[in-house]
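Below: one structure, written as structure tokens.
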Amino acid sequence: MSIGIGGSTAEIELSKLTDMTTDVTPIELGEYQQRIAQAQQLMREQNISALYLNAGTNLTYFTGTTWYASERLVGAILPAEGELVYIAPWFEVSTLSGFMVIKSEVASWHEHESPYELVIATLQKMNIGQGTIAVDESTAFFAVDGMINAAKAQNMALNFTSSKAITAGCRMVKSASEIALLQRAKDMTMVVHRAVAKILTVGITTAEVTAFINQAHIKLGAPKGSSFCIVLFGQNTAYPHGVKEPKTLETNDMVLIDTGCLVQGYNSDITRSYVFGEATEKQRAVWLHEKRAQAAGFEAAQIGLPCEAADIGARSYLEAQGYGPGYQVPGLPHRTGHGVGLDIHEWPYLVRGDKTILAAGMCFSNEPMLCLYGEFGVRLEDHFYMTESGPKWFSEPAHSIDDPFGYEA
């Protein structure tokens with residue numbers, strides 16, 4: 001049996017865990033104000049008159065206000081010059097106010113009224129009767145369509161476009177405080193990975209493992225537990241996001257566990273693959289190819305190069321070992337990695353075609369998974385962030401297939 005795999009129980013491992021978030025520092029008011037100022041500067045440079053932020057991570061990023069998206073419009077309008085105005089149902093205004101970090105006026109609507117007409121009326125109050133309105137790219141189509149039609153009804157010469165140039169333009173480069181929150185989330189999930197590996201035993205179900213991982217994240221200080229969890233055994237590990245009917249664990253199965261949590265809204269997302277029992281020569285070879293592909297992607301991610309360089313680096317190594325070509329399997333059927341922050345997947349992406357230039361503060365997953373359908377798969381996923389001198393790991397990569405967590409490194 002590999003080092004650190006099996007030999008314990010859920011009760012024992014949970015008893016060892018304590019809250020890791022007691023010294024966490026939330027994002028402070030001044031940083032939200034700086035984010036708004038940066039967005040307004042980008043808006044002026046790009047001739048955008050106003051930015052609509054929908055309930056969700058964009059609203060949270062710029063205002064600190066956490067709210068969920070639904071069929072009732074909740075958001076905020078940020079003009080290129082001037083103060084932000086929230087949009088919300090009248091009956092939610094008191095509740096919304098309690099969630100605000102950036103305090104500001106709320107324009108409200110009653111249930112029989114049109115929130116889209118309110119958006120247009122609010123723009124008019126801001127003296128914005130023409131120009132380009134950037135709409136949060138996560139906004140549902142029905143809401144955007146409602147705004148467009150409301151503007152047409154008022155004969156306003158408004159153009160509506162995606163907010164990506166502004167939202168991604170601000171969010172893809174993280175501050176030191178954001179990187180600290182991301183680091184803590186990943187530290188917590190690595191503790192969970194080490195703990196869950198120890199409770200594995202023949203016959204354990206994926207549901208039991210998932211429940212343990214959730215409980216472990218809660219004990220470490222993530223109030224909602226795991227933000228997601230994928231647990232796969234045996235042949236099922238070849239399928240990146242799981243299968244319809246999971247199997248129980250058997251001796252010599254490949255194990256794939258992909259999970260994460262939130263710390264002040266910031267995501268961890270780490271995967272480990274190892275064998276429960278004795279690895280075959282093929283499992284050893286594929287695992288090592290995966291580790292080296294991950295390293296190749298990491299080394300290719302350098303300041304001033306495009307994001308796609310990391311994908312090209314990892315995929316080129318794998319193709320040289322006989323995988324692929326391209327996205328073909330056996331091989332790597334998806335991108336090498338994704339940006340991470342308030343969203344688990346956000347801009348930019350480590351994928352061919354993403355020409356975004358790598359800059360200090362960008363944060364990514366690195367997960368060039370190898371899929372051998374009908375046999376097994378190996379995904380080693382760690383995250384890194386860009387510094388002025390190159391990439392730096394948030395979580396140290398897996399050590400070896402026989403000692404994945406480096407207990408004897």
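Selection within region 170-212: residues that are within 30 Å of CYS307 (Cβ to Cβ) and β-branched (Val, Ile, Thr). The member of this set that is most open to solvent (accessible area, probe 1.4 Å) is VAL173.
One residue stands out in region 33-62 among those that are assigned to a strand (DSSP E or B) and of a type in the set (A, V, I, L, M): the one that is farthest from TRP347 (Cα to Cα), namely ALA50.
Taken over region 206-231, the criterion of being under 17 Å from the mean Cα position of the chain (by Cα) and among the aliphatic types (A, V, I, L, M) is satisfied by ALA222, ILE230. Scan region 144-169 for residues that are in a helix (DSSP H, G or I) and either basic (Lys, Arg) or crowded, with 20+ Cβ neighbours inside 10 Å (or both) and jot them down. Within region 144-169, MET147, ALA150, ALA151, LYS152, LYS164, ILE166, THR167 meet the criteria. Looking at region 120-143, which of the residues that are closer than 30 Å to CYS363 by Cα and not β-branched (Val, Ile, Thr) is surrounded by the fewest Cβ atoms within 10 Å (Cβ to Cβ)? My answer is PHE141.
Of the residues screened, ILE48 is not one that is touching a residue at least 40 places away in the same chain (Cβ under 8 Å), open to solvent by less than 30 Å² (accessible area, probe 1.4 Å), within 30 Å of ILE218 (Cα to Cα) and out of contact with any Pro (no Cβ under 8 Å at 6 or more places or on another chain). Do we have any residue at all in region 189-209 that's in contact with a helix residue (DSSP H, G or I) (Cβ under 8 Å, 6 or more places away or on another chain), at pLDDT 95 or above and closer than 30 Å to THR356 by Cβ? Within region 189-209 (the criterion being in contact with a helix residue (DSSP H, G or I) (Cβ under 8 Å, 6 or more places away or on another chain), at pLDDT 95 or above and closer than 30 Å to THR356 by Cβ), the answer is yes, since at least one residue qualifies.
Residues in region 273-316 that are part of a strand (DSSP E or B), buried (at least 23 other Cβ atoms within 10 Å of the Cβ) and under 22 Å from the mean Cα position of the chain (by Cα): SER273 alone.
Of SER108, SER138, SER104, all but one fail to be polar (S, T, N, Q) and more than 22 Å from CYS170 (Cβ to Cβ); the exception is SER108. Restricting attention to region 22-32, and to residues there that are assigned to a loop (DSSP other than H, G, I, E, B) and either of a type outside the set (A, V, I, L, M) or over 15 Å from PHE99 (Cβ atoms) (or both), which single residue is least open to solvent (accessible area, probe 1.4 Å)? The extreme case among them is VAL24.
Of the residues LYS355, LYS392, the single one that is more than 27 Å from VAL243 (Cα to Cα), out of contact with any Ser or Thr (no Cβ under 9 Å at 6 or more places or on another chain) and in a strand (DSSP E or B) is LYS392.
Can you say whether GLU83 is over 19 Å from ILE166 (Cβ atoms) and surrounded by fewer than 21 Cβ atoms within 10 Å (Cβ to Cβ), as far as the supplied structure shows? No.
The set of residues in region 317-347 being open to solvent by 10 Å² or more (accessible area, probe 1.4 Å) and either among the aliphatic types (A, V, I, L, M) or closer than 30 Å to PHE62 by Cα (or both) consists of ALA320, VAL329, ARG335, LEU342, ASP343, ILE344, HIS345, TRP347. Of everything in region 354-409 that is more than 24 Å from the chain's Cα centre (by Cα), among the charged types (D, E, K, R) and within 21 Å of VAL286 (Cβ to Cβ), the residue that is least open to solvent (accessible area, probe 1.4 Å) is ASP403. Only one entry in ALA157, ALA150 is free of Cβ contacts under 8 Å to residues at least 60 places away in the same chain, aliphatic (A, V, I, L, M) and touching an Asp or Glu at 6+ places or on another chain (Cβ under 7 Å), namely ALA150.
Of ILE3, ILE12, ILE36, all but one fail to be surrounded by fewer than 17 Cβ atoms within 10 Å (Cβ to Cβ) and in contact with a Phe, Trp or Tyr (Cβ under 6 Å, 6 or more places away or on another chain); the exception is ILE3.
Residue under question is ALA320, and the condition is that it be of a type outside the set (S, T, N, Q) and within 20 Å of LYS392 (Cβ to Cβ); does it hold? Here the answer is no, as ALA320 does not meet what is asked. Residues considered: THR18, THR65. Of these, the only one that is open to solvent by less than 10 Å² (accessible area, probe 1.4 Å), assigned to a loop (DSSP other than H, G, I, E, B) and at negative phi is THR65.
Given the structure, is GLY225 in a loop (DSSP other than H, G, I, E, B), of a type in the set (Gly, Ala, Ser) and in contact with a helix residue (DSSP H, G or I) (Cβ under 9 Å, 6 or more places away or on another chain)? Yes.
The listed residues are THR248, THR237, and the only one of them that is within 29 Å of ILE218 (Cβ to Cβ), open to solvent by less than 10 Å² (accessible area, probe 1.4 Å) and among the β-branched types (Val, Ile, Thr) turns out to be THR237.
The values are calculated or read from the model by the stated rules, or taken from the named source; none is laboratory data. From a predicted model like this one, the values you see are computed outputs, not experimental measurements. Cβ sites come from the backbone with ideal geometry, for glycine too, and all protein chains shown count toward neighbours. These accessible areas exclude ligands, DNA and RNA; they are computed on the full protein's heavy atoms, side chains included. Shrake-Rupley method; radii C 1.70, N 1.55, O 1.52, S 1.80 Å.
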